[in-house]
Structures are given as C-alpha cells and as structure tokens.
Amino acid sequence: MELERYIRDIPDFPKKGIMFKDITPLLKDARAFETAIEMLAAKYKDAKIDKIASMESRGFILGAALSMKLRCGFIPIRKKGKLPYETIREEYALEYGTDLLEMHKDALEKGENILIVDDVLATGGTANAVCRLIEKLGGNIAALCFLIELSSLNPRKKLEGYPIESLIIY
Ligand code: AMP
C-alpha cells in the first residue's frame, strides 16, 4: 500500500512558508492507519521495547496505537504546564525562540528500552529534546520512528548515533 497517497499537503499552515503534512486522510482510512501501524510494529517486534515515548499531540495517536501492537507501555511527552505530576523538562528551539517539553519524573526506569514515535520528523529539534529527556532518567533509546521525514531539513544531523526509521521520506 502506498501510504503517501494518504498524506495531504497544506501550504502555508500554520503560517506562511510551511508545507504542512496532514495525516488525517491516513487516520480516517481504517486500512491505511492499520497498515502504517503494522509496518512500524514489524520493525520493532523483536527489539524488546519496554515503552514508547511520544510527543503531543499527533505523536500520541501513532505512539499509543503502536504501543498496543508491541504490548509495551506508553509515555506522553507534553508542552510545559500540561502534566499533573512532578516533571523533568528540556528546552528546544523553535523557529523563533524556544519552548519546553516535559515528562513525568517517574515515567521510566533506568535501563528501560524506549522507542520514540512521532508523526513528522522536520528539523529534528523536538526529537532531540525528547532524547535528552529519556536519557536524563537513564532510559536507553532503542530507536526513533516517524510516519514522515522531511529529509531536506536535514533532521538526522541533530540525531546522530540513534537508529531512525521513517515510513515516508520526502
Ligand atoms: P521538528 O522539531 O522541526 O522536527 O518538528 C517536529 C514536530 O513539529 C513534530 O511533532 C511534527 O508534528 C511538527 N511538524 C513540523 N513540521 C511539520 C510539517 N511540515 N507538517 C506537519 N507537522 C510538522
């Protein structure tokens, strides 16, 4: 199945100059959504993943579905001020300025194998901050995976040394 057919390009969203990769056509098609999750699950079924960590909000959709398939736990990573319990935080760069990502300080145990999952890998700044959060608590980053990778933005440069898989590369 050609998953690219289910990705819709929205020019100038959320602001001018950004080509937004809209995954809702894929999500609303039961077979396409299932195929994407099955393809990711096949890559990690023998990787002994303890937990999946995903960043809000579209990452949650894919990460939670994949955690059911891999029968592992799920860790939500959120923007500042959203998580109710005690958190650790990491700053990451935005186009203008910086923002904070947070994770509960008891989200994982030292040495656990963590798979990071998100919808789009663009500059790699968000994924890099998630790696730092996981490693702060002693987690082992088994791999990172994405539905879509925007290779022209060179995101792998920010994630050197980590195994990365993307289903669709533009
Ligand atoms: P980055 O930190 O630049 O790799 O951006 C990754 C985050 O921003 C992901 O959580 C994506 O959901 C979102 N994102 C960045 N660029 C796009 C895009 N062109 N289309 C859709 N989502 C994007």
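Kindly provide the helix-only [θ] at 222 nm of the chain, computed as the sum of -39,500 (n - 2.57) over DSSP H runs of four or more divided by all residues, to the nearest 500 deg cm²/dmol?
Numbers: 4 runs with 44 residues, N = 170.
Rounded to the nearest 500, the figure is -8000 deg cm²/dmol.
Excluding ligands, DNA and RNA, what is the solvent-accessible area per residue of segment 69-170 at a probe of 1.4 Å, expressed in Å²?
Value returned for segment 69-170: 51 Å² of accessible area per residue.
Around A122, what is the net charge, scoring Lys/Arg as +1 and Asp/Glu as -1 over all other residues with Cβ under 13 Å from its Cβ? Spell out each step's value before the answer.
Values: positive: K21, R58, R156, K157, K158; negative: E95, D118, D119, E149.
Here the charged neighbours net out to +1.
Convert each backbone phi in segment 34-43 into a coupling constant with the Karplus relation 6.51 cos²θ - 1.76 cosθ + 1.60 (shift: θ = phi - 60°), then list the ³J(HN,Hα) values in order as whole Hz, x for Gly and Pro.
5, 4, 4, 5, 4, 5, 5, 4, 4, 6
Going through the cross-link list K79/K136; K80/K105; K51/K82; K48/K69, which pairs have a Cα-Cα distance over 22 Å in this structure? Don't skip to the answer; put the middle values down first.
Values: K79/K136 17 Å; K80/K105 14 Å; K51/K82 20 Å; K48/K69 13 Å.
Table pairs above 22 Å Cα-Cα: there are none.
At 0.36 nm per residue, minus the direct Cα-Cα distance, what do K157 and I10 gain on full extension? Give it in nm, one decimal, please.
On the way: separation 147, 0.36 × 147 = 52.92 nm, distance 2.60 nm.
Net length gain for the segment: 50.3 nm.
Which FRET efficiency value, to the nearest 0.05, is calculated for D29 and K110 with the Förster distance at 45 angstrom and r the Cβ-Cβ distance? Please report the intermediate quantities before stating the final value.
Working: r = 40 Å, r/R0 = 0.89.
Working from the Cβ atoms, E equals 0.65.
Just to confirm a number: summing +1 for Lys and Arg and -1 for Asp and Glu over residues other than M1 whose beta-carbon lies under 13 angstrom from that of M1, what do you get? Each step should come with its number before you reach the end.
Numbers: positive: R5, R31; negative: E2, E4, D29, E34, E38.
Summing Lys and Arg as +1 and Asp and Glu as -1 gives -3.
Would you mind classifying the chain by shape? Square roots of the alpha carbon gyration tensor eigenvalues, ordered a ≥ b ≥ c; an a/c under 1.5 is rounded, otherwise it is prolate if a/b is larger than b/c and oblate if not.
In terms of gyration-tensor shape, oblate.
Please compute the length gained on full extension between L167 and K136, using 0.36 nm multiplied by the number of residues separating them and subtracting their Cα-Cα distance. Could the numbers behind the result be given before it?
Working: separation 31, 0.36 × 31 = 11.16 nm, distance 2.82 nm.
Using 0.36 nm per residue and subtracting the Cα-Cα distance, I get 8.3 nm.
Only Cα pairs within less than 10 Å get springs; with that Gaussian network setup on the chain, which residue of S67, S54, S152 has the largest fluctuation?
S152
Given a 1.4 angstrom probe, I'd like the percentage of the accessible area of the chain that is carbon and sulfur, rounded to a whole number.
Working: 4570 of 9130 Å².
Its accessible area is 50 percent carbon and sulfur atoms.
Amide H neighbours of T87 under 5 Å, counting only residues 5+ apart in sequence or on other chains, H built in-plane at 1.01 Å?
Hits under the 5 Å cutoff: K105.
Give the aspartates and glutamates reachable from K157 as a straight Cα distance under 20 Å; neighbours fewer than 8 places away on the same chain don't count.
Here the aspartates and glutamates satisfying the reach criterion relative to K157 are E90, E91, E95, D118, D119, E135, E149, E165.
When Lys and Arg each count +1 and Asp and Glu each count -1, what net charge do the other residues less than 13 Å away from R31, Cβ to Cβ, add up to? Don't skip to the answer; put the middle values down first.
On the way: positive: R5, K28; negative: E2, D29, E34, E38.
With Lys, Arg at +1 and Asp, Glu at -1, the neighbours total -2.
The values are calculated or read from the model by the stated rules, or taken from the named source; none is laboratory data. Since the structure is predicted, the reported quantities are computational estimates derived from the model, not experimental observations. When we count neighbours, we look across all protein chains shown, and the Cβ atoms used for this are built from the backbone with ideal geometry, even at glycine. What goes into the accessible areas is simple: the full protein's heavy atoms, side chains included, and nothing from ligands, DNA or RNA. Shrake-Rupley method; radii C 1.70, N 1.55, O 1.52, S 1.80 Å.
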